[in-house]
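These notes concern the structure reproduced below.
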Amino acid sequence: MNQLIIETAVNIGLAILGAAALLCLYRILRGPSAADRAVASDALATSVMAGISLCCIKLNTLDYLPAVWVVALLGFMSMLIIAKFIGGDGDIID
């Protein structure tokens, strides 16, 4: 009974994260400003990290958790680059 509740909660969580990822992709493609696209890309990275974590719970393994670290680092670095591009004069590298 307990395993059924966990599996159902994970499946519902994956469905919600999938919908959130699609909405983030829509905002990235159709966002009216660069700041909107930046926030959406950060939210997409967070959704991907949560989805990988839920898949680890569903599969009962820790093998995919390094992928969460990679997505977190790439998301952080991309936000730094986008923030420098938006806040500066357009030059990413000084």
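Assorted remarks:
- Hey, residue 39 open to solvent by 50 Å² or more (accessible area, probe 1.4 Å), modelled with pLDDT of 95 or more and among the β-branched types (Val, Ile, Thr) or not: no
- Taking the criterion of being of a type in the set (Ser, Thr, Tyr), closer than 23 Å to residue 4 by Cβ and out of contact with any helix residue (DSSP H, G or I) (no Cβ under 8 Å at 6 or more places or on another chain), the only residue of segment 19-74 that qualifies is 61.
- Scanning segment 75-91 for residues that are touching a helix residue (DSSP H, G or I) at 6+ places or on another chain (Cβ under 8 Å) and surrounded by 14 or more Cβ atoms within 10 Å (Cβ to Cβ) returns 75, 78, 79, 82, 85.
- Extreme residue, most open to solvent (accessible area, probe 1.4 Å), among residues of segment 1-29 that are free of Cβ contacts under 8 Å to residues at least 24 places away in the same chain and over 18 Å from the mean Cα position of the chain (by Cα): 1
- Flag if residue 52 is open to solvent by less than 80 Å² (accessible area, probe 1.4 Å) and touching a Phe, Trp or Tyr at 6+ places or on another chain (Cβ under 9 Å): yes
The values are calculated or read from the model by the stated rules, or taken from the named source; none is laboratory data. These numbers were taken from a predicted model, which means no experiment stands behind them. Backbone-built Cβ (ideal geometry, glycine too); neighbour counts: all protein chains shown. Just so you know, the surface numbers come from the protein's heavy atoms only, side chains and all, with ligands and any DNA or RNA stripped out. Shrake-Rupley method; radii C 1.70, N 1.55, O 1.52, S 1.80 Å.
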